[in-house]
DNA sequence: TATACTGTGTATATAGATATAAACAGTATA
DNA sequence: TATACTGTTTATATCTATATACACAGTATA
C-alpha cells in the first residue's frame, strides 16, 4: 500500500520530519482513517528511497504523538483520534503554512495587493484544484 | 547596525540558512542597497544569539552566491546586483513560499475556496500590511 | 514447519550543524 | 602605538540526521 507522500531532498527540513508532517496531514484530513494500516517501515523506506532508520523515526514520533500505533509482527495502524483534534490540526498546520508564506512575502517588501494577486494567480494555475 | 531578521529555533531549517534567506530578501527588495555595510559576523552573532561560526557560514554562502563581499579587517558589504536578478529572486522566493503553503493546504484536503478564504482572513488580520 | 513478512534493538559510520575558544592578520581611530 | 574593531583559520566538542547491516522477536500463510 503506497502513501501519497513525497520527499524533497533539497528541502532543509529533515526527511523524517517531512514524512511525519505528510502522514499527519493524511490523518487529519481523513484520507487515512482510524484503523487503516500504514506501509511497513521497510516498504515505506523503499518507496521513498530512504533508510529504514529514517522511516522508523517518523513512525516513532507519530506514535509518540498518538497518531498511530504499531504492533510488533503485525505492523502499524492509524490510531483513533478525536475529530475535534483533527480539525484543529488541519487548521493549525494550514494556517501556519500560509502565515509563513505571507511572512516571506512581507520580508520581500510585497504589498498586500501584490501578495493577494500572486497568490490568486498561483492558486488559479493549480491543476489539482 | 541591526538587521531586521529573526531566527526561529523550532524551525527545522538550519539557522545559517534562515539568516541567508532573510538577508537575500532584504537585498532583493532593496531594503539593503549596493555598498551598504552588513553587521560584522560577531555583531550579528550577538544580535541573533548564535555562534560566530553560524553567522559566518551564512555570510560565506551569500558571498559565494555573489550577494555580498567581505574584506578582511573592513567588514562585509552588499554587492552590486543586477536589478533584473533582484526582481527574479523576489518573485521566485515569494512564489515558492506561497506554492508550498498551497501544497500544504492541498495535502490537508482543503478546497480552493477554503484555501482562498483562510488566506484572505490571515492576510487581513496582519497588522503590518 | 519454512518462509516471508512485521517491528525492535544494536552497531558502525559519515555528514551536517552548531557551539566555544584561541590565535592570526588587516583596518581604523584616539 | 594601543586599542578595538574587522575577517580568517584552526581546534575541539557535541548533537542530529541518515545510511547500511545484522540479529532478535512476533505474526501470518502456504
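Laboratory data are not the source of any read-out in this text; all were calculated from the coordinates shown. Just so you know, these numbers come straight off a predicted model, no measurement behind them. Cβ sites come from the backbone with ideal geometry, for glycine too, and all protein chains shown count toward neighbours.
Looking only at other chains, what is the average number of their beta-carbon atoms within 10 angstrom of each beta-carbon in A:25-33?
Partner Cβ neighbours, averaged per residue: 3.
If one takes the longest principal axis of the Cα atoms in chain A, at what angle in degrees, from 0 to 90 and to the nearest 10, does the Cα axis of helix A:112-124 lie?
Helix A:112-124 sits at roughly 50 degrees to that axis.
Along Cα-to-Cβ, 7 Å out, sits the label point; list in nm, shortest first, how far the one on residue A:30 is from those in the other copies.
Sorted ascending, the copy-to-copy spacings read 4.8 nm.
Let's test this: bin the Cα-Cα distances of segment A:15-78 at 10 Å from zero up to the farthest pair and state each bin's percent.
Spelled out bin by bin, segment A:15-78 gives 23, 61, 16 percent.
Just to confirm the number: angle between the C-alpha axis of helix A:83-107 and the first principal axis of chain A, 0 to 90 degrees, nearest 10?
That helix lies at roughly 40 degrees to the long axis.
What does the C-alpha gyration tensor say about the overall shape of chain B? Classify as rounded when a/c is under 1.5, otherwise prolate if a/b is larger than b/c, or oblate.
prolate
Quantify how strongly other chains surround peptide B:90-97 by giving the mean number of their Cβ atoms within 10 Å of each of its Cβ atoms.
If you average over the peptide's residues, the count of other-chain Cβ atoms is 6.
Relative contact order of chain A, please, whole-number percent, based on alpha carbon pairs below 8 angstrom and at least 6 residues apart.
About 23 percent, as a whole number.
For an R0 of 35 angstrom, estimate the FRET efficiency from the Cβ-Cβ distance between residue B:63 and residue A:92 and round to the nearest 0.05.
Once the sixth-power term is evaluated, E becomes 0.40.
Could you list B:41, A:53, B:102 so that the one with the fewest beta carbons within 10 Å of its beta carbon is first and the one with the most is last?
Ranked by crowding around the Cβ, least crowded first: A:53, B:41, B:102.
Helix-only estimate, please: 222 nm mean residue ellipticity of chain A, summing -39500 (n - 2.57) across DSSP H runs of length 4 or more and dividing by its residues, to the nearest 500.
-18500 deg cm²/dmol
For helix A:52-64, report the angle its Cα long axis makes with the longest principal axis of the Cα atoms of chain A; keep it between 0 and 90° and round to the nearest 10°.
80 degrees
Kindly identify segment B:38-113 as rounded, prolate or oblate by the Cα gyration tensor criterion: order the square roots of the eigenvalues as a ≥ b ≥ c, call it rounded if a/c is under 1.5, otherwise compare a/b with b/c, prolate if a/b is larger, else oblate.
Since a/c reaches 1.5 but b/c is at least a/b, the shape of segment B:38-113 is classed as oblate.
Determine, from the Cβ-Cβ distance of residue B:43 and residue B:10 and an R0 of 22 Å, the FRET efficiency 1/(1 + (r/R0)^6), rounded to the nearest 0.05.
Efficiency at R0 = 22 Å is approximately 0.35.
Among A:42, A:56, which comes first, second and so on when ranked by fewest other beta-carbon atoms within 10 Å?
A:42, A:56
Suppose we consider the axis relating copy B to copy A; can you name the residue of B with the nearest Cβ and state that distance in angstrom as an integer?
B:101, 2
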